[in-house]
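What follows is a single structure, written as structure tokens, with notes after it.
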Amino acid sequence: MESENIQPEWLLKYDQFYFAELPKKKKNDKHAFSNFVKFVKPILVRGWNERVEEFEIYNAGINPSTKNQRALIGVKLTADWDRSVTKGPEANTPAATEFRKFYEAVVWYNAENPGNSKKQILVTIANYVLAKHYAPINIQFRHFNWDKLVTEASEYTKCSTAFEKLASAIRDIKGFPLAVSTIYCTSPFYRRTEPFPPLGKFLFTNSKASQVQDDSIARITLEFEGDDPMDGTETTRAATIKRAPYFTPALSVMLTMEHSNKFGDTPQIIAKFKTAFYIELAQRLKDDHKIFAVSTEKNLFVTIVRITLEFEGDDPMDGTETTRAATIKRAPYFTPALSVMLTMEHSNKFGDTPQIIAKFKTAFYIELAQRLKDDHKIFAVSTEKNLFVTINDIAFDVEIGQTKEIAIAKRLENENRHNMIPIGGDWKSLKHKIEFLPQMCNHITGLTHRFSAFAETCQLFKKFLASHFLLEHFDDIAVELIVANVFLALDEQRGNPPLDPFSGFTHILHLLTSHDFAKQPLFIDFNGNLDSEKKETMLKHFANARPVLPPLILFTSDDESGIRFTKTGPEMIVFSRLLELSSCALLIIKKHLEGVIDTNLKSIFFSEMEGFDIVIELHKEVVCFGSFGYNSGKEIISKLKKPTQESVLPIVNFNPPMKFLEELKVYFGNIALFFYDRYGGKSIGVLLRPDFKKAFGEYKVNRTYCRKNSKEGLTPNIEEFMETIKILGNGIVSNVMLN
């Protein structure tokens, strides 16, 4: 393709692209394209006035189907490109007369006409003015139909409106013991960077999957098929017995072993040794005595003639009965609770230990729930650790955080009083949750309002990562910071970042393909505070610590470490895969826009499960988040005649596949990587780590996890690994296959 000779940066220069098929030319007319550009360009300049900053017409060769020559038009948009009306000069002036002659009266876009897309405005204008002033030209939008991959901004209005009402109600409460300092919503639904937001109607709160109790709180309904363990009578498949599983206690057994200095000298090392003993003990009981045993990280379950023994620890399934007779036929409709972090003014009355502070916070949740009900008629449910609020059928999960908690946790750690610190209550975790996360969410929300295409670009990028099973290896904030880098850099360089989400997505692919992440970090400067001196300091830190840093480093105005949102992932193998996929996707987009190939989004947003060692198939009934549930929910709402009950707390944040994925990472993260598409994926891919695949000739207790004795030494016990996954995923997993 040429312009006559096309510049290599054309793909990144423009926001949108159009194909124009030239009128049939005379034989041996070598000047057909240049004459076309000569006559068409002035007409389009006038027709697209104030909508297009600049555009260029490129020679795109011959259309293979019609044999006609065609042109590719690259367009750089202005902020007003999608106005439905083109405003002319003041009436009763010569300029107005000329304006009417050029345009006449045409409506470029009508919201009431579903077939008239707002994205086609420039096409509509071009076809009209060229037909009127030059010749009928067939101009078509050359793009990928990405609309179904993102959720429109209007769908999120109910979230922002409900949060504003909640924040206002909390701030208006009078006579509260402590004044409210800040209220931040940290949910990606609030900043519009996550697709499929809450629908604004609670669906199926009373259904086969969940039931609203007398306290107005919905709870999961258990359903049983087959033999009823309570009375021995058989039920048909259609019959449902809403009854808890038969109570089966696990008899607790405490096992002590002889003293040994080899057992380690810290709780963490001892815990690892105990886990290894559970694994070995389970294997020996199976091999030597044919006794069924299941080892976990913290204990060992053994069944002998239907008597269950529990060794040392908690049930890994959180106390839920795992009898095979009990299944949830369909997961409740997915209803997210938007996370809210609330901080209050400093006070010495808040206590000086994590335990006392927790009691005070529980009291505040109770009081806050009562005040919201009494003063604002807002339905709220307090718990020991948080407060659930529903406003206009949008659910919120409110948590109180105090900076004092961070200081206390830090002091306890310095004094080596770790037994006083609850799980997840270390000072670094608290600082991240109370300060860093709300601060970063606030910055990103600002970009959503500043750049019209930012939020939808984030959604596209997340869909791209998820379609290749990579998204769960990234912190959501890290994904959004990569997008922020692109928009802020382009805004600084050329004054206007992408105005089309797919253009923004293309720029992200280019960044991932061209940037040397091993030698250079990414800088995200939200407020202009990253001057050259600060960047130089960050680069020195980066260069000195590079061997131990994660593959992706994101320096921001508020993060001089660069790893605040990337220290837990992605690992190098995952990040390298992303870079490879980005290069392939960018090439496909370029070839499609040039007209070399005709393809669709599936070529970019789709991956097979072939590359994984093991594939875990899920019951389709438990997959509750994604386009299918969202679209079917919208359809149901459109047919509702009666308003839903306002004073109800549905089952929130219940996403069985994601909960199961978290369990897999906890128990097997040291021997395998797990890959899943959160937007409706029905399978989980398992990639065994290279170290786990190796055979160890020397027998060591800490190497026995999911391994067996063989002629080669300790080798991976894949069969046990797969069987354990089936047991952990009972009711969720339909099949586990070796790929």
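Quick look at the values:
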quantity	calculated
Qualifying position, being buried (at least 19 other Cβ atoms within 10 Å of the Cβ) and touching a Phe, Trp or Tyr at 6+ places or on another chain (Cβ under 8 Å), among Phe660, Phe654	Phe654
Qualifying residue in the stretch 579-601 (condition: open to solvent by 20 Å² or more (accessible area, probe 1.4 Å), under 30 Å from Phe388 (Cα atoms) and not aliphatic (A, V, I, L, M))	no
Of all residues making up the stretch 631-646, the number that are at pLDDT below 80, surrounded by 13 or more Cβ atoms within 10 Å (Cβ to Cβ) and not β-branched (Val, Ile, Thr)	2
Residue list for the stretch 420-436, restricted to those being of a type outside the set (Phe, Trp, Tyr) and either more than 23 Å from the chain's Cα centre (by Cα) or exposed (fewer than 14 other Cβ atoms within 10 Å of the Cβ) (or both)	Met420, Ile421, Pro422, Ile423, Gly424, Gly425, Asp426, Lys428
Single residue of Lys87, Lys174 found to be farther than 29 Å from Phe334 by Cβ, at pLDDT below 85 and of a type in the set (Lys, Arg)	Lys87
Residue in the stretch 550-567 that is surrounded by fewer than 15 Cβ atoms within 10 Å (Cβ to Cβ), farther than 30 Å from Leu122 by Cα and without any contact (Cβ under 8 Å) to a residue 12 or more places away in the chain present	no
Count - residues of the stretch 616-631 that are in contact with a strand residue (DSSP E or B) (Cβ under 7 Å, 6 or more places away or on another chain) and of a type outside the set (Asp, Glu)	3
Residue pairs meeting the criteria (Cβ under 6 Å; at least 6 apart or on separate chains; first more than 17 Å from Ile394 (Cα to Cα), in the stretch 184-213; second of a type in the set (Lys, Arg) and assigned to a loop (DSSP other than H, G, I, E, B))	Ala209/Arg330
Top-ranked residue of the stretch 511-545 - restricted to ones that are basic (Lys, Arg) and farther than 30 Å from Cys584 by Cβ, ranked as most open to solvent (accessible area, probe 1.4 Å)	Lys540
Condition check for Val150: under 30 Å from Leu586 (Cβ atoms) and at pLDDT 85 or above	yes
Strands (runs of 3 or more DSSP E) contained entirely in the stretch 371-419, each with at least 1 residues that are hydrophobic (A, V, I, L, M, F, W, C) and open to solvent by 20 Å² or more (accessible area, probe 1.4 Å)	379-382, 387-391
Candidate set from the stretch 249-300 (those that are of a type in the set (S, T, N, Q), assigned to a helix (DSSP H, G or I) and over 37 Å from the mean Cα position of the chain (by Cα)); member that is nearest to Glu719 (Cα to Cα)	Gln283
Ile139 in contact with a helix residue (DSSP H, G or I) (Cβ under 8 Å, 6 or more places away or on another chain), buried (at least 19 other Cβ atoms within 10 Å of the Cβ) and assigned to a strand (DSSP E or B)	yes
Meets criteria (part of a loop (DSSP other than H, G, I, E, B), within 27 Å of Glu194 (Cβ to Cβ) and among the aliphatic types (A, V, I, L, M)) for Ile563	yes
Within the stretch 567-607, considering residues that are among the polar types (S, T, N, Q) and in a helix (DSSP H, G or I), the one farthest from His473 (Cα to Cα)	Ser603
Subset of the stretch 44-87 [touching an Asp or Glu at 6+ places or on another chain (Cβ under 9 Å) and over 24 Å from Ala453 (Cβ atoms)]	Asn59, Ala60, Gly61, Asn63, Thr66, Asn68, Gln69, Arg70, Ala71
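The values are calculated or read from the model by the stated rules, or taken from the named source; none is laboratory data. Values in this document were obtained by computation on a predicted structure and should not be read as measured data. Neighbour counts run over all protein chains shown; Cβ positions are idealised from the backbone, glycine included. Side chains included, ligands, DNA and RNA excluded: accessible areas come from the protein's heavy atoms. Shrake-Rupley method; radii C 1.70, N 1.55, O 1.52, S 1.80 Å.
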